[in-house]
Amino acid sequence: MVDRSKLYSYLDKISSSSNQPRVHQHSIDDQVFWVKQFNWRNVTFGRVFHRGITPLLRKQYLKAAPIYISDKALLKECEKAKIFQEAGLLTPEIVLTHRNFMVTKDAGPTLVSELIKMREESQFDKHDQLLCEWAAQIGKIHAANLCHGRPETRDTIYQDGNWIFFDFEEFPEEVMPLRFAQARDLFLIFHILSRDMHEKSNLDAAMSAYREYGPADAYNALRSALEDVKFVNSLIFKIPPKIRGRDLRQSIGSIEFLAQHMGII
Ligand SMILES: Nc1ncnc2c1ncn2[C@@H]1O[C@H](COP(=O)(O)OP(=O)(O)O)[C@@H](O)[C@H]1O
Ligand SMILES: [Mg+2]
């Protein structure tokens, strides 16, 4: 058992310091914790702009999720972690919350660090299989009538056969029907998968892994959204490869895969 009073005094001590990182590790009596401070720091200009123009967007799936900061963001993250746990999904144990801090128990190395290790050891088959399994786990989250909101391999932990999810900071399900919020998760994971999958032909396997558990409604919602923006995508595809930045290349790669898989192009 952790001595909570030590954690409280630590948080009181650091709360006045302005140069603390938003998330950092802290150990007490050989136990490792993660301290996350909820403030403005994760709110990018892009998100504020997107939120600002949201009333002008007619399509539900294009709307920006609400922006929560400080105490409210902390509350929302704790709420979603609880909902996940109630659905039998694992999240890191929240030890306590204090002021605008949340302290969780260290849940182990992240999926992204496992993937990097596998790449360094040239274990590419295992690497791609793990990514397919990650897609399947997102399918399971969706099958429980939930969405993650911002799935990332750096915010997922795979250890001893268990999958742990965290960093719930976007709630698209509050501005669009669940099937579109899930479609957004699906779109986001393929954005990551199309960059990280070593053998690109394994992207099909990742989609099959997702669809084994994920609701057909989410897949169909993504399909209809991509169908809807087909014209915009066709213009983006015309941007010459030479002037495509890294992010654009990644986006085009994932949209191309999804559109082909879904028979849109
Ligand atoms: N309980 C935890 N166990 C293991 N790693 C964690 C834990 N909490 C945070 N981390 C690490 O800290 C990083 C940042 O935490 P996160 O909650 O994702 O904050 P942010 O909103 O800044 O991305 C994660 O990507 C992960 O590497
Ligand atoms: Mg994160």
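The values are calculated or read from the model by the stated rules, or taken from the named source; none is laboratory data. All figures in this text were calculated on a predicted structure; none of them were measured in a lab. Methodologically, a virtual Cβ is constructed for each residue, glycine included, from the backbone with ideal geometry; neighbour enumeration extends over all protein chains shown. With ligands, DNA and RNA removed, areas are computed over all heavy atoms of the protein, side chains included. Shrake-Rupley method; radii C 1.70, N 1.55, O 1.52, S 1.80 Å.
For the reader, a short list of remarks on this structure follows.
- Against the main long axis of the alpha-carbon atoms of the chain, helix 70-86 sits at an angle near 70°.
- Remark: for residue pairs LYS63/LYS242; LYS200/LYS238; LYS80/LYS126; LYS72/LYS105; LYS36/LYS76; LYS76/LYS126, the C-alpha separation exceeds 24 Å in LYS63/LYS242; LYS80/LYS126; LYS76/LYS126.
- Once exposed loop trypsin sites (Lys or Arg not before Pro) are cut out (DSSP; at most 16 other Cβ, 10 Å), longest piece of the chain: 100-199
- Normalised Debye scattering of the chain at q = 0.08, 0.13, 0.14 Å⁻¹ gives log10 I(q)/I(0) of -0.36, -0.94, -1.08, counting only Cα atoms as equal scatterers and leaving out solvent.
- Rounded FRET efficiency, nearest 0.05, which uses the C-beta distance separating ARG154 from ILE239 and R0 of 30 Å: 0.60
- In the chain, the longest principal axis of the Cα atoms and the axis of helix 216-228 are about 60 degrees apart.
- Solvent-accessible heavy-atom area per residue, rounded to whole Å², over region 162-246 at 1.4 Å: 49
- Distance distribution P(r), region 195-265, all Cα-Cα pairs, bin width 5 angstrom from 0: 3, 14, 24, 23, 21, 11, 4, 1 percent.
- Relative to the dominant Cα principal axis of the chain, helix 178-196 is inclined by about 90°.
- Dipole size of region 98-200 about its Cα centre, with +1 on Lys/Arg Cβ and -1 on Asp/Glu Cβ: approximately 160 debye, rounded to the nearest 20.
- Dipole magnitude for region 117-265: computed about the Cα centre from +1 point charges on Lys and Arg Cβ and -1 point charges on Asp and Glu Cβ, it is near 660 debye.
- Label point distance in nm, SER224-GLN20, each placed 7 Å from Cα along Cα→Cβ: 4.5
- About the Cα centre, charge dipole magnitude for the chain (Lys/Arg +1, Asp/Glu -1 at Cβ), debye: 1220
- Note that region 1-137 presents 57 Å² accessible area per residue, ligands and nucleic acids not counted, probe 1.4 Å.
- Region 139-265 - Debye-derived log10 I(q)/I(0), Cα point model, q = 0.17 Å⁻¹: -0.95
- Once all protein chains are placed together, TYR8 keeps about 80 Å² accessible to a 1.4 angstrom probe.
- Of all DSSP beta bridges in the chain, antiparallel share, percent nearest 5: 95
- Dipole of the chain, positive direction: furthest Cα of GLN159, ILE243, ASN42, with charges on the beta-carbon: ILE243
- Under 20 Å of direct C-alpha separation, and excluding same-chain neighbours fewer than eight residues apart, LYS59 reaches these lysines: LYS230.
- Share of carbon and sulfur in the accessible area of region 54-141 stands at 52%, probe radius 1.4 Å.
- Taking all protein chains as shown and a probe of 1.4 angstrom, GLU212 keeps an accessible surface of around 130 Å².
- Centre-to-centre separation between the Cα atoms of region 230-260 and those of region 1-69: 32 Å.
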